[in-house]
1. Could you tell me which residue of region 228-257 is nearest to residue 165 (Cα to Cα), considering only residues that are part of a helix (DSSP H, G or I) and touching a Lys or Arg at 6+ places or on another chain (Cβ under 8 Å)?
2. It is to be established whether one or more residues within region 101-120 are within 19 Å of the chain's Cα centre (by Cα), more than 23 Å from residue 362 (Cα to Cα) and of a type outside the set (Ser, Thr, Tyr).
3. Do we have residue 409 as out of contact with any helix residue (DSSP H, G or I) (no Cβ under 7 Å at 6 or more places or on another chain), touching a residue at least 24 places away in the same chain (Cβ under 8 Å) and not assigned by TED's automatic domain parsing to the domain that holds residue 244 here?
4. If you scan region 409-424, which residues turn out to be modelled with pLDDT of 95 or more and either closer than 13 Å to residue 470 by Cα or β-branched (Val, Ile, Thr) (or both)?
5. Could you go through region 157-165 and let me know if any residue there is modelled with pLDDT of 95 or more, small (Gly, Ala, Ser) and within 18 Å of the chain's Cα centre (by Cα).
6. Right, residue 280: surrounded by fewer than 24 Cβ atoms within 10 Å (Cβ to Cβ), in contact (Cβ under 8 Å) with a residue 60 or more places away in the chain and either among the acidic types (Asp, Glu) or within 29 Å of residue 298 (Cα to Cα) (or both) or not?
7. When you scan region 378-437, how many residues do you find that are part of a loop (DSSP other than H, G, I, E, B) and over 26 Å from residue 33 (Cα atoms)?
8. Conditions first: (1) of a type outside the set (D, E, K, R); (2) touching a helix residue (DSSP H, G or I) at 6+ places or on another chain (Cβ under 7 Å); (3) assigned to a helix (DSSP H, G or I). Residue 325 passes all but one, so which condition is the exception?
Amino acid sequence: MQNEESLDLRNLDRHLEEALDIIRGYMKGIREDPVIPTVTRGELLAKLGDGLPFEETDIGALFEEIRHTVAPSCSKIGHPRFLAWIVTGPSPAGTIGELLNVGLNQVPLSFKGGPVATVMEEIVIRWFGRLFGYGSTSGGILVSGGTMANLTALAAAREARFPSAMRRGIQRLSHPLVMYVSDQGHMSVERSAGMLGIGSDFVRRVETDECYRMRVDSLQRLIDGDESNGFQPFCVVAQAGAVNTGSIDPIPQIAEVCESRGLWLHVDASYGGAAILTGEGHSLLGGISRADSIATDPHKWFFIPVEAGCVLVKNRAHLFDAFKCKAGYLGEETSSDFMNYGFQLTRASRALKIWFGLKAYGLKKISRIVERNITLARDFKRMLEEKPGWEVCAPVELSIVCFRYVPEPRPDETKLNSLQYEILSTLETSGQAFLTPAILDRRVCLRVCFANHRTDSTDVSLLIDLLTSIAERISSTVHPR
């Protein structure tokens, strides 16, 4: 007999089928629906309501609300022309893995608490370590995404360079710490510096070259200047796929600087890490195995559902030294328990969906999709250059293209920047595609990122025709000759 005060649901099988039916319909219709919904925040609040739900609601009514309000109001991240942020549409196998993961609800804080979740995470970490050329002493942990991966790696860097920093803090250090990242680096580097007590003001932004890659000579000058002025350099963050342009810093040369000066090298490969699967990408990421730590995101170019980030360290002892903990209520601990390798204690298991997705398709197939995305980006760049009015703003190294529309006669830079925002807004309103801007050398550019397993050459042609039509129409009416 079912306990009336339990949270078990009657007709569980039917409700699970209803939930699966909603997911099934969303995925099957993802190509046809508008990329970005036009619903406003006020409309959603009015429909969903914000009153505390003290009394139970009929499950059938909840499913109706999901069908008619929630699902239609979702951004279609898996749409082939969702080409904005580098949060890609997950693979269907990855989604199945996530559903299984949620249903099994394992917590990999220790082997005893989650045996298979712990072992699966060990396996996945080994996979990524091998991809990047790390050896048997390496280790890591799965986290929410690139931001947490960068924070975790930099905490390990601080502990490795200044033992007991996690316990005693950095208040007693005789010289202020400084770290370095290119002017194209992700904002999470400054956030991490603030969280670690270093301070975002002590993150030096290193200038980049014409390809938006860190200038090693500028890095060396900054380090020399800081040392002369009483600061203590300890870490350099290199980009392997910068968020604006997809540029890759010269990792081997940066590694030489770090090794000669005793600095920790962290490579942020949150976006570009999957390029290691391809022949060209493996060459572009050459030297990455020399890094002390690497961040990469399975929920980006490996097509796994969010959240799924990964931090790797060449020597797993550095993570253990930074995060080891002891609590009697947790029972007997081992040095391999993941609670000793990251900040979170209770932590969702992310390994099952990664394991399921990568096993279902195989890395060779994922590699071909990554290669196709890179080819699409280059085709897009070439087609733009063949059309009057379009200007490519940065080299295309991976799968990001930055570009802008420049009509004749050429407006001043203020009007030109405004025009790009108008094009983006009109494109979004059309519901046919979604792009974002990038600011490069004070120029507002349109930015397209091909990191979607559904995107093909038809989408590229359609997008260019759509952009050209919008740009010419706006330019002729708002910026007449």
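The values are calculated or read from the model by the stated rules, or taken from the named source; none is laboratory data. None of the values given here were measured: they were computed from a predicted structure. Cβ sites come from the backbone with ideal geometry, for glycine too, and all protein chains shown count toward neighbours.
1. Restricting to residues being part of a helix (DSSP H, G or I) and touching a Lys or Arg at 6+ places or on another chain (Cβ under 8 Å), the top hit is 255.
2. no
3. Spelling it out, residue 409 is indeed out of contact with any helix residue (DSSP H, G or I) (no Cβ under 7 Å at 6 or more places or on another chain), touching a residue at least 24 places away in the same chain (Cβ under 8 Å) and not assigned by TED's automatic domain parsing to the domain that holds residue 244.
4. Listed by number, the residues that qualify are 419, 420, 421, 422, 423, 424.
5. Checked against the condition, which is being modelled with pLDDT of 95 or more, small (Gly, Ala, Ser) and within 18 Å of the chain's Cα centre (by Cα), region 157-165 yields no hits at all.
6. Answer is yes for this residue.
7. Here the count works out to 17.
8. (3)
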